[in-house]
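Encoded as structure tokens, the structure appears first; notes follow it.
The values are calculated or read from the model by the stated rules, or taken from the named source; none is laboratory data. Keep in mind that this is a model prediction, so the values were computed, not measured. Cβ placement follows ideal geometry from the backbone for every residue including glycine, while neighbour counts extend to all protein chains displayed. Side chains included, ligands, DNA and RNA excluded: accessible areas come from the protein's heavy atoms. Shrake-Rupley method; radii C 1.70, N 1.55, O 1.52, S 1.80 Å.
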Amino acid sequence: MIDSQSIKADAGVGSDSRGLDGGKLINGRKRHVVVDTLGLLLAVMVTAADMGDRAAAQVLLTQVTAAHHLLALVWADGGYTGSLVAYCLAALALVLAIVKRSDDMRGFVVLPKRWIVERFFAHLMRSRRLVRDFERSIASAEAMVYWSMTMLMTRRVARPRPSRA
């Protein structure tokens, strides 16, 4: 699954690495993430918030397919439609499946497969340093996401398993 999250930037974040997300009216940065079906992080890329999802996804999916050779299918929301679908199929041999919301749906509805990446963002928001972007450099902001995911994964591994009777 691929998705992005716009977050507000602290005053210490330089103007060269921040932007205005016109859709959400957030002045800050945007985290573009790719997670697996368990909600575990495969890759993250932090950009200025004014960078489009399709442009960032093209770079991020190229990095992910280079690192994870068995990846064949990626789910995305409606913001990733257009030429990105054809690019993924032709250049990366990757199927980009768009999970669309039906026109007859009213209010909040959980979309299939999309809840996995939204749960990942909820895990990130439980980390105090990731609620707002305090990092001066983009590399440091990406490292904080990896650090938060490392803590989540170690908690899952260390969790006691129910005994089988």
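Test I98 against the stated conditions and say whether it is more than 22 Å from L38 (Cα to Cα) and open to solvent by 30 Å² or more (accessible area, probe 1.4 Å).
Details: more than 22 Å from L38 (Cα to Cα): no; open to solvent by 30 Å² or more (accessible area, probe 1.4 Å): yes.
Judged against the criteria, I98 is not a match.
Taking the condition of being open to solvent by less than 50 Å² (accessible area, probe 1.4 Å) and in a helix (DSSP H, G or I), how many residues in the stretch 86-95 meet it? First the steps, then the outcome.
Initially, the stretch 86-95 is screened for residues open to solvent by less than 50 Å² (accessible area, probe 1.4 Å), giving 88, 92, 94.
With in a helix (DSSP H, G or I) added as a condition, the list becomes 88.
Result for the stretch 86-95: 1.
How many of the residues making up the stretch 114-133 are over 21 Å from M1 (Cβ atoms), open to solvent by 40 Å² or more (accessible area, probe 1.4 Å) and either part of a helix (DSSP H, G or I) or touching a Gly at 6+ places or on another chain (Cβ under 7 Å) (or both)?
Going residue by residue through the stretch 114-133, those that are over 21 Å from M1 (Cβ atoms) are 128-129, 131-133.
Cutting the leftovers down to open to solvent by 40 Å² or more (accessible area, probe 1.4 Å) gives us 128-129, 131-132.
Filter once more, so that each one left must be either part of a helix (DSSP H, G or I) or touching a Gly at 6+ places or on another chain (Cβ under 7 Å) (or both): 128-129.
Residues that pass the stated criteria total 2.
With (1) open to solvent by 50 Å² or more (accessible area, probe 1.4 Å); (2) in contact (Cβ under 8 Å) with a residue 24 or more places away in the chain as the list, and A57 as the residue in question, which single condition is left unmet?
Single failed check for A57: (1).
Does S140 count as more than 13 Å from the chain's Cα centre (by Cα) and over 23 Å from N27 (Cβ atoms)?
Working: more than 13 Å from the chain's Cα centre (by Cα): yes; over 23 Å from N27 (Cβ atoms): no.
When the stated conditions are applied, S140 does not pass them.
In the stretch 137-165, which residues are outside any helix (DSSP H, G or I) and either closer than 27 Å to S17 by Cα or open to solvent by less than 50 Å² (accessible area, probe 1.4 Å) (or both)? Before you say what the answer is, go through the steps one by one.
Our first condition is that a residue be outside any helix (DSSP H, G or I); within the stretch 137-165, this holds for 137, 159-165.
Passing the criteria: only S137.
Among (1) small (G, A, S); (2) surrounded by 13 or more Cβ atoms within 10 Å (Cβ to Cβ); (3) touching a Ser or Thr at 6+ places or on another chain (Cβ under 9 Å), which single condition is A76 missing?
The one condition A76 does not meet is (3).
For M105, are the conditions met, namely being of a type in the set (A, V, I, L, M, F, W, C), more than 16 Å from A141 (Cα to Cα) and crowded, with 20+ Cβ neighbours inside 10 Å? Outline the logic, then answer.
Working: of a type in the set (A, V, I, L, M, F, W, C): yes; more than 16 Å from A141 (Cα to Cα): yes; crowded, with 20+ Cβ neighbours inside 10 Å: no.
In short, no.
Looking at the stretch 12-39 only, could you name the residues that are among the aliphatic types (A, V, I, L, M) and either surrounded by 19 or more Cβ atoms within 10 Å (Cβ to Cβ) or over 22 Å from P112 (Cα atoms) (or both)?
Start the filter on the stretch 12-39 by keeping residues that are among the aliphatic types (A, V, I, L, M), which leaves 13, 20, 25-26, 33-35, 38.
Listed by number, the residues that qualify are V13, L20, L25, I26, V33, V34, V35.
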